[in-house]
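> Dropping a structure here in structure tokens format, bear with me for questions.
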Amino acid sequence: MRWRISFLTLCCLLATPAWAQTGKGMVIFADAVYYNGKVLTVDERFSIAQAFAVREGKVMAVGSDAQILSLAGPNTRRLDLKGKTVLPGFIDTHSHLFQYAAANWTKDLEALEPHLSDFRQREVTVKSVDEAIATLKKMAADAGPGKMVHAQLLPVSLAEEFGEKIGPKEMDEISPKNPMIVQLRGTDRIVNSLVFKMFTDYFGELPEDINPAVQGRKPGHMGSGALRILFGEILVQKPQTLAAVYKKELQAWAAHGVTTWSSSLPTAKVFSGFALLDSSGEMPIRFAYSHRMGAAGSNQPGEFYKRLGNIAGHGTDYLWAIGISLSSLDSSYPRICSSIKANEKIKSRERCAGESDYKFMHAAVQAGHRISGTHLYGDGAVDGYLDTVEKASAEGGITLDEIRSKKHNIDHCGMSPRPDQVERGKKLNIIWSCAPRYVEDAMDISRDYGEKYAHELNAPIQTILLAGGKVVGEMDDSRLHRKEGGAFAHIKYAVTRKDSQGRTWGAKQAVDKATALKMFTRWAAEYVLRENVLGSLEPGKWADFVVIDRDYLSTPDEELSKINVFMTAVAGKPVYTDPQFAKTEGLQAVGFKLRPGR
């Protein structure tokens with residue numbers, strides 16, 4: 001047993017070069033050592049080291065150059081960091097990479113399954129509702145009978161006017177022979193009856209999560225969840241097709257330092273695409289998913305989850321479940337669920353979840369499931385969520401300690417949470433997943449609800465932290481590859497609280513760089529139920545890390561989005577290397593970044 005004790009001493013105490021010597025005379029060397037750098041471990045003390053060693057995909061030791069270099073053997077890969085900063089890999093707690101993949105890799109998809117070209121969305125810029133109607137009619141006629149027409153109306157103000165004036169009857173008149181989807185604003189879309197027929201033909205009936213009447217939507221309207229089901233389950237024929245583009249999208253995110261991401265999984269076919277990558281060892285980065293497959297396309301999701309065992313935490317090192325997702329309990333701004341007073345025009349466009357959503361959630365909570373990966377924007381939706389957790393838990397005989405152990409989470413922090421909700425969340429041990437980029441919505445919130453709410457109730461990160469609550473960081477951004485800074489742009493939002501126009505919103509909610517980093521690493525690891533192995537560079541944890549081109553802590557706040565990633569590694573294996581960095585350091589060039597505008 002002496003050699004085992006000696007190895008633990010190696011990991012925990014970082015004592016002497018004797019670390020590499022076992023009691024049986026066998027020498028244990030690192031697979032790789034990284035030295036002469038600035039390693040932000042993001043451990044409990046936010047320690048900073050010079051170097052670290054990796055063995056079998058995990059951090060072997062962290063310490064000084066001398067300590068770590070003593071672990072290098074004849075076959076150990078050595079990398080002189082030359083003063084560069086190393087961070088733990090980013091954990092994005094809410095994004096939809098399978099959806100982004102469909103948009104970013106359309107040519108690949110269409111090459112594998114040519115019929116998918118019908119689904120390609122086309123932007124339509126018009127000056128009036130009448131012009132929009134005429135343009136859409138022509139698009140349907142040009143497409144040919146049976147071909148899908150998928151359009152995004154611009155500008156957004158005109159699209160909203162179209163959505164107010166046009167109903168199901170008019171949509172069928174515009175496109176009587178072609179399934180038609182028209183994106184209005186954010187997640188809101190209006191479709192004709194032929195689109196709904198595609199769902200009934202596939203599932204045998206119109207599922208609850210598609211039916212506008214059940215969802216509390218206007219007739220003929222549907223959200224992003226339905227679109228994901230339509231594409232990922234109905235239109236795509238083979239999960240191998242999805243796996244091909246998912247791999248590319250995951251590689252592209254690795255180029256921005258993301259090593260783990262989380263989302264709700266909408267359909268069995270989408271899950272199968274990721275499972276294929278996982279089983280073949282081709283997942284570039286890790287995916288912590290929230291189970292929505294029992295709700296997507298089902299008319300009895302609550303009954304399904306009553307019969308599903310506790311899956312939270314179950315899976316592999318690259319693909320695991322973290323809970324049950326409702327998809328969303330309201331919509332994107334301005335179609336949110338809010339308790340805040342506003343004029344009749346503003347209130348008329350708000351959207352709160354339908355009775356079926358809460359019925360489903362109630363059944364899942366009562367059955368002992370953790371609720372995760374669910375879109376909530378307005379504070380009214382948060383009220384409904386918290387009420388349901390408390391009521392369903394009580395009816396299920398679930399104690400407060402048991403509720404707290406679930407670590408239910410609420411995503412987005414857009415127009416929420418209020419201070420009283422923060423206190424309720426603290427009692428229930430809620431993890432708040434906040435998107436700093438929602439600072440971009442502040443101008444609209446100020447106009448519609450008042451400047452006070454734009455400053456105090458939009459991603460109120462400090463309000464949560466000062467109350468002793470838990471907050472993590474999410475990106476929720478399909479434009480990650482096309483905007484300056486990638487993941488670091490989201491850090492900049494949290495630190496500066498400035499929108500893209502340079503206006504500051506909620507200055508008191510700003511956090512420092514160390515806190516922002518914790519939100520996207522150490523604290524986020526708890527959200528994905530892997531706090532023991534992810535989120536920091538400590539012995540025994542997976543060696544998921546990022547090498548960047550400048551000192552993170554000393555970079556001026558305004559320049560955070562200019563940070564570039566030189567290398568990203570998952571389980572010690574490089575999954576992205578900047579081409580020039582790779583050439584200079586004699587490394588293999590792997591991975592890629594998407595071109596701007598793609």
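The values are calculated or read from the model by the stated rules, or taken from the named source; none is laboratory data. All figures in this text were calculated on a predicted structure; none of them were measured in a lab. Methodologically, a virtual Cβ is constructed for each residue, glycine included, from the backbone with ideal geometry; neighbour enumeration extends over all protein chains shown. Only protein heavy atoms, including side chains, enter the accessible area calculation; ligands, DNA and RNA are left aside. Shrake-Rupley method; radii C 1.70, N 1.55, O 1.52, S 1.80 Å.
> Which aspartates and glutamates have a Cα less than 19 Å from the Cα of LYS177, not counting those fewer than 8 places away in the same chain?
Counting by Cα, and skipping residues close in sequence, LYS177 has these aspartates and glutamates nearby: ASP118, ASP142, ASP201.
> What number do you get for the stretch 485-598 when its Cα radius of gyration is normalised by 2.2 N^0.38 Å, N = residues?
1.18
> So what is the accessible area of the stretch 454-536 per residue, in Å², with the probe set to 1.4 Å?
That works out to 33 Å² for each residue.
> So which trypsin sites (Lys or Arg not before Pro) in the stretch 374-420 are both in a DSSP loop and have at most 14 other Cβ atoms within 10 Å of their Cβ?
For trypsin sites (Lys or Arg not before Pro) across the stretch 374-420 that sit outside H, G, I, E and B with at most 14 neighbouring Cβ atoms in 10 Å, the list is empty.
> Would you mind telling me the share, in percent, of accessible area of the chain contributed by carbon and sulfur at probe 1.4 angstrom?
Of all accessible area on the chain, carbon and sulfur atoms account for 51 percent.
> Counting only protein chains, not ligands or nucleic acids, how are THR241, THR399, THR135 ordered by accessible area (probe 1.4 Å), most first?
The ranking, largest first, comes out as THR399, THR135, THR241.
> Could you go through the stretch 560-573 in sequence order and give the Karplus-derived ³J(HN,Hα) for each residue, using 6.51 cos²θ - 1.76 cosθ + 1.60 with θ = phi - 60°, rounded to whole Hz, and x for Gly and Pro?
With coefficients 6.51, -1.76 and 1.60, one gets 4, 6, 8, 5, 10, 8, 8, 7, 10, 10, 10, 6, x, 9 Hz.
> Next question. Ignoring everything but the protein chains, give the 1.4 Å probe accessible area of LYS165 in square angstrom, nearest 10.
Counting only protein heavy atoms, the figure is 130 Å².
> Only loop residues by DSSP count here, and only those with at most 15 other Cβ atoms within 10 Å; note down the trypsin sites (Lys or Arg not before Pro) in the stretch 444-519 that meet that.
ARG479, LYS483, ARG503
> Here's another thing I want to ask about it. At 1.4 Å probe size, put SER372, SER280 in order of accessible surface, largest to smallest.
So, going from the largest accessible area down, we get SER280, SER372.
> With a cut-off of 8 Å between alpha carbons and a minimum separation of six or more residues, what is the relative contact order of the stretch 311-366 in percent?
28 percent
> I need to check one value: relative contact order of the chain, counting alpha carbon pairs closer than 8 Å and at least 6 residues apart, in percent.
15 percent
> Would you mind checking the tilt of helix 268-279 against the longest principal axis of the Cα atoms of the chain, expressed as 0 to 90 degrees and rounded to 10?
Once rounded, one gets 20 degrees.
> Please arrange MET139, MET171 by accessible surface area, largest first, computed with a 1.4 Å probe and ligands excluded.
These residues rank, largest area first, as MET139, MET171.
> Distance check, please: which entries in LYS127/LYS562; LYS137/LYS359; LYS169/LYS248; LYS518/LYS573 exceed 29 angstrom between their Cα atoms?
Too far apart for the 29 Å limit: LYS127/LYS562; LYS137/LYS359; LYS169/LYS248.
> Given a 1.4 angstrom probe, what's the average accessible area per residue across the stretch 74-120, in square angstrom?
In whole numbers, the stretch 74-120 has 39 Å² accessible per residue.
> When only C-alpha pairs under 8 Å and at least 6 residues apart count, what is the relative contact order of the stretch 367-437, in percent?
Relative contact order here is 41 percent.
> Another one. For the stretch 177-334, what is the accessible area per residue in Å² when the probe is 1.4 Å?
About 31 Å² of surface per residue is accessible.
> Semi-axes of the chain's equivalent ellipsoid from the Cα gyration tensor, sqrt of 5 times each eigenvalue, largest first, rounded to whole Å?
Ellipsoid semi-axes (Å, largest first): 42, 26, 24.
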